[in-house]
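The structure appears below as structure tokens.
The values are calculated or read from the model by the stated rules, or taken from the named source; none is laboratory data. Just so you know, these numbers come straight off a predicted model, no measurement behind them. So basically every Cβ, Gly included, is an ideal-geometry build from the backbone, and we count neighbours across all protein chains shown.
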Amino acid sequence: MQRKTYEEVQELFVVAYHNQKWSEAIIWSSELLERFESNLSIDGHLSRIWDNRGICIQQMGHNLDAILNFDKALETETHKDMRARIYCNRGAAYFNMGNIVKAEKSLFQAIEIEEVPQALLSLGNAYKYEGNIEKALCYYRRSITVDPEYVEGHFVYGMSLLRAGHFKEGWKEYEWRWKSNQLPPRKTKCPQWNGEDLNNKFILVYGEQGLGDIIQFSRYARVLANRYLRAKIIVEGRPQLKRLLETIPDIYAVINVGEKLPELDYAVSMMNLAGVLTPNIEAIPVNDKEFNLSYRDVDAWANRFKELPKGFKIGVCWAGLSRRNQPAAAAVDAIRSTELKALAPLAKISGIIWISLQHGTPSEEVKTPPAGMSIADWTEDMYDFYETCCAIENCDLVISVDTAVVHAAASLGKPTWLLSRWDGCWRWFGTREDSPWYPSLRQFTQPAPGDWDGMLQKVAKELDKFVKSKNTSELDLTLAK
């Protein structure tokens, strides 16, 4: 077989790179390096190959190896604009490793040469990670001032404004999510709703992003139903949520993604609906219970709970589902989740029967729980979120990492403790302990990046107080009788 020319290898690399086939792109970039270094007469830029190879390696999650490639690129690159780009890439890799000091140093080296929007965005991320949200907002704002069409800059700026409670500007900037690769827009033949009258109109309220997002923002379908009594509101969700969403009062119908749509007058995503109806935090609509479960179905789970030993029934979930096909989301999944064994401090508290609410591969960990943890696992029968919610209704408390289980429990008004990562999602508004979305939710945030043990030691102390207070209350009721 005839050996490929340098130009052919270069073309193969470009195709793999643009199609995000990172492992394939790394192979072709390695061959380019070999060809280039063995024949210096080749027309090209050695530094660009090292830089692009570093990006591919970084996308594969190997940040230290990526930094070594960026360092090699800096050895030979002389053009200022390219050096700024490489410093920016290196800074992002250091940030991903959690080395904020070196990340900031590289990023400042980049913007000293040129105000690269990506470097400004990464600096904003670094300051947000350190807890300085106002300084982060300044750098995000600078990134979109330098490049008004910088999609990721607008998107992250929008989420950070919302996190800081600046709803009016935040929802506007958050609209840029539709232009990102992460969130392609939902296409419908009808116009998007933006506050028009809905009397006798059909409107599709569709979910976006994850299951938890749909649970949280489905409340706005109820708001529409209350505001426009004659509107025909069709809620579009996912199969796991259909039966739960059907319990929302006064809606016309619930359908799954992919099902045939009726003739519509308007369509709107749940988060766009929030942007229209919630100009500030005080306007967040809150009900005691967002979903009306059947008493019969809740009682069916109550009968199952009666089989358990006496003790407080606490639902638990320790990991979110991994979205491996979405690199940005997968990175978040890795840091929002932990392992069941990390909950060992909670297992030391007596008088608790734990109920697994964990699905997916991590559910296998119930077979080897921490010492002292008695955990019931009926998750095979929690085949959708309606059944999960019926089980949750029989729990005294739910403790979960930031996943859909938190939203399911808190939307029912169940006492819910959120175990949040250090740089939690924008919807939890930083490190505050309460939530304007859910009156029954209490938030526990890692005291340092990745510090599950420090957080769970605090949770254990509070859980001990919770159990003792419940025991005292039950004793008082018994004596009163």
Looking for whichever is among the charged types (D, E, K, R), touching a residue at least 12 places away in the same chain (Cβ under 8 Å), out of contact with any Lys or Arg (no Cβ under 8 Å at 6 or more places or on another chain) and farther than 28 Å from LEU418 by Cβ here; the options are ASP213, ASP197. Which one fits?
ASP197
Of the conditions (1) out of contact with any Leu (no Cβ under 7 Å at 6 or more places or on another chain); (2) in contact (Cβ under 8 Å) with a residue 12 or more places away in the chain; (3) surrounded by fewer than 24 Cβ atoms within 10 Å (Cβ to Cβ), THR76 fails just one. Which one is it?
(1)
All but one of (1) within 22 Å of THR403 (Cβ to Cβ); (2) among the small types (Gly, Ala, Ser); (3) not in a helix (DSSP H, G or I) hold for ALA274, so report the exception by its number.
(3)
Is there a residue in the stretch 256-274 that is within 26 Å of ILE392 (Cβ to Cβ), modelled with pLDDT under 95 and either assigned by TED's automatic domain parsing to the domain that holds ILE399 or surrounded by fewer than 16 Cβ atoms within 10 Å (Cβ to Cβ) (or both)?
yes
Counted residues in the stretch 83-100 being at pLDDT 90 or above and over 25 Å from SER23 (Cβ atoms) come to 3
Looking at ASN63, ASN69, ASN52, which is the one that is modelled with pLDDT of 90 or more, more than 15 Å from ALA110 (Cα to Cα), in contact with a Lys or Arg (Cβ under 8 Å, 6 or more places away or on another chain) and of a type outside the set (Phe, Trp, Tyr)?
ASN69
In the stretch 382-417, residue surrounded by the fewest Cβ atoms within 10 Å (Cβ to Cβ) [restricted to those that are under 20 Å from SER294 (Cβ atoms) and charged (D, E, K, R)]
ASP384
Within the stretch 197-207, can one find any residue that is within 18 Å of the chain's Cα centre (by Cα) and within 19 Å of TRP426 (Cβ to Cβ)?
yes
Is it the case that LEU245 is at pLDDT 95 or above, among the aliphatic types (A, V, I, L, M) and touching a Phe, Trp or Tyr at 6+ places or on another chain (Cβ under 9 Å)?
yes
Surrounded by 17 or more Cβ atoms within 10 Å (Cβ to Cβ) and either at pLDDT 90 or above or not assigned by TED's automatic domain parsing to the domain that holds LYS128 (or both): does that describe GLY170?
yes
For SER29, indicate whether it is surrounded by 14 or more Cβ atoms within 10 Å (Cβ to Cβ) and small (Gly, Ala, Ser).
yes
Give me the pairs, please: first residue somewhere in the stretch 1-28 and closer than 17 Å to LEU46 by Cα and at pLDDT 85 or above, second residue anywhere and of a type in the set (D, E, K, R) and buried (at least 18 other Cβ atoms within 10 Å of the Cβ), beta-carbon distance under 6 Å, and either six or more positions apart or on two chains.
none
Is it the case, given these coordinates, that GLY153 is free of Cβ contacts under 8 Å to residues at least 40 places away in the same chain and within 26 Å of the chain's Cα centre (by Cα)?
yes
I'd like to know if the stretch 410-425 contains one or more residues that are over 27 Å from LYS348 (Cβ atoms), of a type in the set (Gly, Ala, Ser) and in contact (Cβ under 8 Å) with a residue 60 or more places away in the chain.
yes
Can you name the residue in the stretch 301-323 that is crowded, with 18+ Cβ neighbours inside 10 Å and in a loop (DSSP other than H, G, I, E, B) and is also modelled with the highest pLDDT among such residues?
TRP318
Restricted to the stretch 79-104, and to residues that are touching a Lys or Arg at 6+ places or on another chain (Cβ under 8 Å) and crowded, with 24+ Cβ neighbours inside 10 Å, which residue is nearest to ALA448 (Cα to Cα)?
TYR94
Identify the single condition in (1) touching a strand residue (DSSP E or B) at 6+ places or on another chain (Cβ under 6 Å); (2) buried (at least 21 other Cβ atoms within 10 Å of the Cβ); (3) among the hydrophobic types (A, V, I, L, M, F, W, C) that CYS190 does not satisfy, given that it satisfies every other one.
(2)
For the subset of the stretch 99-137 comprising residues that are in a helix (DSSP H, G or I) and of a type in the set (Asp, Glu), which member is nearest to CYS56 (Cα to Cα)?
GLU104
